[in-house]
Amino acid sequence: MSALKLHDSAHLDIYSAQTATELELPLLPGISAGFPSPAADFVDISIDLNRHLIKHPSATFFGRVKGLSMKDAGIDDGDLLIIDKSIEPTDGKIAVCFVDGEFTLKRIKIEKDEVWLMPANKNYKPIVITKDNDLRIWGVVTHIIKSL
């Protein structure tokens, strides 16, 4: 089963989240990044990523990142985002924003009466939101899934 593509743009593709499925996968807890440990002793523990990563199924979507404006936040071109539309967008959160008809992924910065959309890459400029802009915070990013 594949996710339904809801939006395709230059900066982000958005997909519906298929949360009705269950898939228990073996979990290796406490993997040591230092000295080796006998992890094979723990293969009877499992995890379902839908239940672990998605707290609000009806408000959750996936997004595929296009571009490098958030690379210094650890978000790279091709990464898969889990986006929760039910989370309150607050200062410092990374969010999918809909600005003047375009989706963009940025960190929200709120100062007094101003809202800024901050890239995490010095080659991109912050976007200040003025009364002339149409801004909707579409959803807050809760997780990033990367391919290695």
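Numbers below:
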| item | result |
| --- | --- |
| Principal axis dimensions, region 50-148 - Cα atoms, whole angstrom, descending | 39, 29, 23 |
| Backbone HN-Hα couplings from phi across region 133-148 [Karplus 6.51/-1.76/1.60, Hz, Gly and Pro as x] | 8, 9, 10, 10, 7, 6, x, 9, 6, 10, 8, 10, 10, 10, 9, 9 |
| Lys/Arg +1, Asp/Glu -1 at C-beta; region 108-148 dipole; positive extreme among S147, I137, P119 | S147 |
| For V115, distant residues with modelled amide H under 5 Å away | I129 |
| Whole-Hz couplings from phi, Karplus 6.51/-1.76/1.60, listed for region 53-65; x for Gly and Pro | 9, 10, 8, 10, x, 6, 10, 10, 9, 10, x, 9, 6 |
| Computed magnitude of the charge dipole of the chain (debye, nearest 20; Cβ of K, R +1, Cβ of D, E -1) | 340 debye |
| For G139, residues with placed amide H under 5 Å, excluding near neighbours | V96 |
| Residue-by-residue Karplus 3J(HN,Hα) for region 125-130, coefficients 6.51, -1.76, 1.60, Hz, glycine and proline x | 8, x, 10, 8, 8, 10 |
| For H7, residues with placed amide H under 5 Å, excluding near neighbours | I14 |
| Relative contact order (percent, whole number), region 65-141, Cα cutoff 8 Å, 6+ residue spacing | 34 percent |
| Cross-link table K5/K131; K71/K131; K55/K146; K55/K122, entries beyond 23 Å C-alpha to C-alpha | K5/K131; K71/K131; K55/K122 |
| Charge sum, other residues only, whose C-beta stays under 12 Å from I129's C-beta, Lys/Arg counted +1 and Asp/Glu -1 | -2 |
| Proximal charge balance of H56 [Cβ under 14 Å; K/R count +1, D/E count -1] | +1 |
| Relative packing of 95-102, 59-66, 126-133, which averages over residues the other C-beta atoms within 10 Å, highest first | 59-66, 95-102, 126-133 |
| Average Cα contact separation per residue, the chain, under 8 Å, 6 or more apart, as relative contact order % | 21 percent |
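No value in this document is a laboratory result; all are computed from the given coordinates. From a predicted model like this one, the values you see are computed outputs, not experimental measurements. FYI the Cβ positions are ideal-geometry reconstructions off the backbone, even for glycines, and counts take in every protein chain you see.
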